[in-house]
Amino acid sequence: MGRELEWIFPKREWGEDFERLKRETSLPPVLLALLYQRGLKDKEEIEKFLEPKLSHLENPLLLPDCEKAIFRIKGAIERKEKILIYGDYDVDGITGTALLVKILSKIYPHVGFYLPSREKEGYGLSTTGVLFARSYGFSLIITVDCGTTDFSSLSLAKKLGIDVIVCDHHQPRREKNRDKLPPAYAVVNPKREGAKGKTHLSGCGVAFKVIWGFLSQFGYDKRPLLENLDLVALSTICDIVPLTNENRILAKIGLERLRRTKNLGLRALAKVSGIKLASLNSYHIGYILGPRLNASGRIADATKAVKLLLTEEEKEAEVLAQELNEHNKERQTIEKSILKEAEAIIEKKDLEKKPILVLKKEGWHEGVIGIVAQKLRDLFYLPVILITIKDGVGKGSGRSIFGFSLYDALLENSSCLLRFGGHKYACGLALPIENIDKFISGMESYAEKFITPELKKKKLFIDAEISLNDISQELLEFLRKFEPFGLENPMPIFATRGLEVVGFPRVIGKEHLKFTVRENKKKAFDCLAFGRHSDILHLIPGKENHIDIAYTFAEDNFFGKKRIKLYCEDLKIRE
């Protein structure tokens, strides 16, 4: 199951511009090399990366249909129309819905929201949601994180006289090498053909820019919007969009806002999760706060999460936060059960040798299979799709490995599907039960052609090979400016070769390995390797040039004394 990691070192092909940057900046050479490798080859670009500002954001009106959208919102307010915010049931849709409701409600009283049931309505703008809008007199719907591919629901809305503004970031359908757009009043989507700017915004990020454009165009106070950048940071980090360009600005400034948030719901959620807001980072958002907000949409009703973010009552915030925490515990229990069943299927059918894992079973929880697919992907290092069967329909969720596009594979097999969506590394789909076996066969054939032996190698990308002597408090402080970490801005991984193990390694927490290393008899560092307890049998203290390690490092507070600790991503023991 486990595969040895292949370390990929950067190509040290520095040009004249690197030498120029060394002269123009006062940055440590190690740090400058990291920035250079990430494509930052200009002093101004580096300054913007290390010190991002809201003034660096692009004009919202560069987004397709944004101007059309903001004038329609203004018209709705002037004509006293009812506006419905319709969001997806994940963190991105939840935060975007809360953001639009918060800002528009300060200006205008006739604003409501609706989130679909994952189980009953599925992903996207549903016909049930459109009929809800009609029944309650809403004549304008603004979607968040959905709508781009919802042709039938948008056709129904148009027929009923309801205008829809789509704020989305999913890939539009393609026909004859052109985008096929749905019949919406406006489709504000940076993925549209011919869209200007270098933006890969989350759905909430698109909503942010639309409402920012609206407030700016018509002279409204923008301070409430800036106060809610914490919501935009949550969506940007949890939805795993590239943390570069505009997303980096929104995530970094929003994270700073989140650390001192006034949002009662977020404060209550942090408290029940056992984390301190003041020391929050992207890990806490992605793995602690995000899953709890998501859990409501997976297990119960995502409306609870929106209410949590909107409430101005401390007691209500505490109750809702506790409910979301309980839903998350339930989600974890279900997840473990499905993972165990999926592993048993793989072992029984010897599926590990397949180029892609596509598993089906009746009764798997639709809201959890995506997380299990991700865990299986990490375990077997293969693309994974899990399909749950109910009432004659299979609903699936998938995760992929680096270099293999699930979206392209689904396109190739789209004749089997009722609907599908996603991107390279994650997807969702639905298909008739009678098509499942044909779909599995088609996906395996496609993967067989495109997954090469090279793609099957699990790789660890090293940012820089350094000496332990390069590690310092100064370098750590500079590295903190790289935060928040995420897609296309990962935490830098360093490698040092030929180290000596000092003292005696020990196992902690049953499966983790703790040991101390030093280089050339100089300064020693404690190192923690998660899940590598079995390597203790091969570590020989006092042997020089014994191990190579790939690692990150951070500050550790040990009984009030601060010191730098290494966190091992991989280790190779020399024979």
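Side notes on the structure shown:
- Viscosity 0.692 mPa s, temperature 37 °C, Stokes-Einstein D of the stretch 294-360 from Kirkwood C-alpha radius, µm²/s: 231
- Counting only protein heavy atoms and using a 1.4 Å probe, the accessible area of residue 20 comes to about 70 Å².
- Once you divide the Cα radius of gyration of the stretch 425-523 by 2.2 N^0.38 Å, the number left is 1.76.
- J(HN,Hα) series, the stretch 459-466, from Karplus relation 6.51 cos²θ - 1.76 cosθ + 1.60, nearest Hz, glycine and proline x: 10, 10, 8, 8, 7, 7, 9, 10
- By a 1.4 Å probe calculation restricted to protein chains, residue 152 has an accessible surface near 90 Å², given to the nearest 10.
- Cα centroid separation - the stretch 235-250 against the stretch 476-520, whole Å: 25
- The rule of thumb for compact globular proteins, 2.2 N^0.38 Å, goes into the C-alpha radius of gyration of the stretch 1-63 1.54 times.
- Across the stretch 452-510, Cα pairs under 8 Å and at least six residues apart give a relative contact order of 44 percent.
- Within the same chain, aspartates and glutamates fewer than 8 places from residue 262 are excluded, and of the rest, those with a Cα less than 18 Å from its Cα are 227, 230, 312, 313, 314, 316, 318.
- Shape category assigned to the stretch 455-505 from the gyration tensor of Cα positions, a/c cut at 1.5: oblate
- The stretch 362-384 and the stretch 1-57: distance between their alpha carbon centers, rounded to Å: 35
- Sequence-ordered 3J(HN,Hα) estimates for the stretch 323-330 from the Karplus curve with 6.51, -1.76 and 1.60 and θ = phi - 60° stand at 5, 5, 5, 5, 4, 5, 4, 5 Hz, glycine and proline given as x.
- Reachable lysines, given that their alpha-carbon falls under 19 Å from the alpha-carbon of residue 360 and they are not under 8 places away in the same chain: 336, 340, 348, 349, 375, 390, 395, 438
- For residue 142, the amide hydrogen comes within under 5 Å of the amide hydrogens of 84, 85, 86, 165, counting only partners 5 or more places away or on other chains and with H modelled in the peptide plane.
- Put simply, the amide H of residue 569, placed in the peptide plane, has neighbours under 5 Å in 550, 551, 552, leaving out anything fewer than 5 places away on its chain.
- Counting only protein chain heavy atoms and rolling a 1.4 Å probe, the accessible areas of 136, 36 rank, largest first, as 136, 36.
- Cα-based reach from residue 80 at 16 Å (exclusive), listing lysines while leaving out same-chain residues under 8 positions away: 106
- Viscosity 1.567 mPa s, 4 °C: Kirkwood-radius Stokes-Einstein D of the stretch 286-415 over Cα pairs, µm²/s: 80
- Column: log10 I(q)/I(0), Debye, Cα scatterers of the chain, q = 0.05 Å⁻¹: -0.23
- Measuring between alpha carbons in the structure, the pairs from 158/222; 43/457; 304/329; 22/521; 11/252 lying more than 26 angstrom apart are 158/222; 43/457; 22/521; 11/252.
- Computed over the chain, the per-residue total of -39500 (n - 2.57) for DSSP H runs of n ≥ 4 gives a 222 nm mean residue ellipticity of -12000 deg cm²/dmol, rounded to 500.
- Per-residue HN-Hα couplings for the stretch 359-364 [Karplus 6.51, -1.76, 1.60; θ = phi - 60°; Hz; x = Gly/Pro]: 10, 10, 6, 6, x, 4
- Among 14, 7, the order of accessible area from largest down is 14, 7, computed with a 1.4 Å probe on protein heavy atoms.
- Computed with a 1.4 Å probe over protein heavy atoms only, the accessible area of residue 238 comes to about 30 Å².
- Compactness of the stretch 330-479 as Cα Rg over 2.2 N^0.38 Å, two decimals: 1.23
- Semi-axis lengths (Å, descending) of the ellipsoid that matches the C-alpha gyration tensor of the stretch 40-117: 32, 17, 11
- Distance between the C-alpha centres of the stretch 159-174 and the stretch 114-140: 13 Å, rounded to the whole angstrom.
The values are calculated or read from the model by the stated rules, or taken from the named source; none is laboratory data. Keep in mind the model is a prediction, meaning the values are calculated, not measured. Please note that ligands, DNA and RNA were not included when accessible areas were found on the heavy atoms of the full protein model with its side chains. Shrake-Rupley method; radii C 1.70, N 1.55, O 1.52, S 1.80 Å.
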